[in-house]
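Worksheet for the structure shown next.
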């Protein structure tokens with residue numbers, strides 16, 4: 001059953017595969033993709049996924065898991081051992097340091113900047129123009145915001161985005177590993193520069209916390225910077241693209257939000273549920289034998305939780321393949337659940353709401369410039385996002 005999770009058919013439309021697996025059982029044992037590899041378990045049911053995301057017996061400590069399981073990979077430790085790949089108490093300590101930058105209050109203070117940035121990115125757009133919404137808005141908006149927060153020079157941002165793209169290329173381990181070293185080396189240099197000349201950005205604040213209280217090591221600083229960059233824009237880029245496409249495919253929903261743009265923030269939960277920007281969550285493994293939704297999972301087994309599948313579970317959401325802006329979709333798992341729930345969710349929501357408001361109100365005749373069958377999705381099972389979204393304004 002593992003093959004469908006890697007092929008081009010799955011990348012284009014994972015929901016048929018998810019539905020087939022979920023209808024058979026909420027948890028599935030997947031044969032290893034390579035001979036001698038471990039059996040892993042895919043969680044597709046909503047209740048099972050929610051429980052798994054909050055289960056302390058499912059560890060995210062990849063360093064511990066791979067300590068006696070050599071893989072032959074050369075992923076840089078700064079990416080292999082991010083905050084996402086730790087358990088309490090280390091995870092608690094690291095998250096506490098970063099959390100103040102992503103509170104609702106902190107995001108509210110960024111609203112004028114988000115409006116100004118969005119207006120600048122779309123300033124030269126005119127009705128009738130054909131543009132790629134991914135390259136023109138969905139990528140540069142969150143990338144610029146997160147680089148602004150970290151204090152990344154403007155001249156370096158395009159290269160960082162390119163490396164970030166390479167980190168998610170399914171079936172390209174050598175390119176992933178090489179990109180991990182490039183981006184880690186870059187942030188090592190940036191940390192040194194910020195230590196020599198601090199500013200009011202988040203990276204300088206983290207350096208001060210480390211130098212002042214010895215709570216952060218050098219590798220932890222680089223790792224946090226990489227995670228904030230990658231997690232801070234990848235999900236939001238996919239959210240903006242997926243949400244825009246969903247609305248263009250549902251003109252009545254788009255018209256409703258265009259007429260009442262104040263409803264857009266509330267509509268984001270259903271848009272997130274309908275086409276989650278995260279297909280399969282990051283790595284977890286069982287630290288002891290456990291049972292998930294009636295399936296026995298041996299100790300040491302990798303567990304793959306699929307928010308993209310859980311968000312279309314008909315047991316939790318009636319008629320789940322339909323976009324319904326009146327639905328109460330607050331229980332979706334697009335941002336995860338439990339202690340690892342996406343720290344940047346408030347910022348992602350604010351960026352997406354700003355982008356959708358600008359698109360719907362400034363360009364009331366917005367439509368696709370190509371058939372949906374010609375749209376292509378990125379080749380990664382972790383993320384669910386378009387390579388490009390050509391539209392006529």
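Details
- Summed over the stretch 243-268, residues that are within 16 Å of residue 375 (Cβ to Cβ) and surrounded by fewer than 24 Cβ atoms within 10 Å (Cβ to Cβ) total 5.
- Per-region count, the stretch 269-294, residues farther than 23 Å from residue 61 by Cα, within 24 Å of the chain's Cα centre (by Cα) and surrounded by fewer than 20 Cβ atoms within 10 Å (Cβ to Cβ): 1
Yes or no, residue by residue, for (1) surrounded by fewer than 19 Cβ atoms within 10 Å (Cβ to Cβ); (2) in a helix (DSSP H, G or I); (3) touching a strand residue (DSSP E or B) at 6+ places or on another chain (Cβ under 8 Å); (4) touching a residue at least 12 places away in the same chain (Cβ under 8 Å):
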| site | (1), (2), (3), (4) |
| --- | --- |
| 75 | no, no, no, yes |
| 87 | yes, no, yes, yes |
| 96 | yes, yes, no, no |
| 100 | yes, yes, no, no |
| 105 | yes, yes, no, no |
| 111 | yes, yes, no, yes |
| 116 | yes, yes, no, no |
| 120 | yes, yes, no, no |
| 124 | yes, no, no, no |
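- In the stretch 1-68, counting only helices (runs of 4 or more DSSP H) that sit wholly within it, the ones holding 2 or more residues that are within 20 Å of residue 384 (Cβ to Cβ) and touching a helix residue (DSSP H, G or I) at 6+ places or on another chain (Cβ under 6 Å) span 14-24, 46-53.
- Residue 160 vs. criteria farther than 19 Å from residue 97 by Cβ, touching a helix residue (DSSP H, G or I) at 6+ places or on another chain (Cβ under 9 Å) and surrounded by 18 or more Cβ atoms within 10 Å (Cβ to Cβ): yes
- Residue that is modelled with the lowest pLDDT, among those in the stretch 361-388 that are within 14 Å of residue 275 (Cα to Cα) and not in a loop (DSSP other than H, G, I, E, B): 383
- Candidates 321, 326: the one that is in a loop (DSSP other than H, G, I, E, B), farther than 28 Å from residue 110 by Cβ and either in contact (Cβ under 8 Å) with a residue 24 or more places away in the chain or within 23 Å of the chain's Cα centre (by Cα) (or both) is 321.
- Considering residues of the stretch 376-392 that are over 20 Å from the mean Cα position of the chain (by Cα) and closer than 20 Å to residue 239 by Cβ only, the residue surrounded by the fewest Cβ atoms within 10 Å (Cβ to Cβ): 390
- Of note, residue 357 satisfies the criterion of being modelled with pLDDT of 95 or more and not in a loop (DSSP other than H, G, I, E, B).
- Residue count for the stretch 271-297, restricted to those that are in a loop (DSSP other than H, G, I, E, B) and touching a residue at least 24 places away in the same chain (Cβ under 8 Å): 12.
- Set 297, 303: member being closer than 15 Å to residue 54 by Cβ and either within 16 Å of the chain's Cα centre (by Cα) or buried (at least 16 other Cβ atoms within 10 Å of the Cβ) (or both): 303
The values are calculated or read from the model by the stated rules, or taken from the named source; none is laboratory data. All values derive from a computational prediction rather than experimental measurement. Virtual Cβ from ideal backbone geometry, glycine too; neighbours counted across all protein chains shown.
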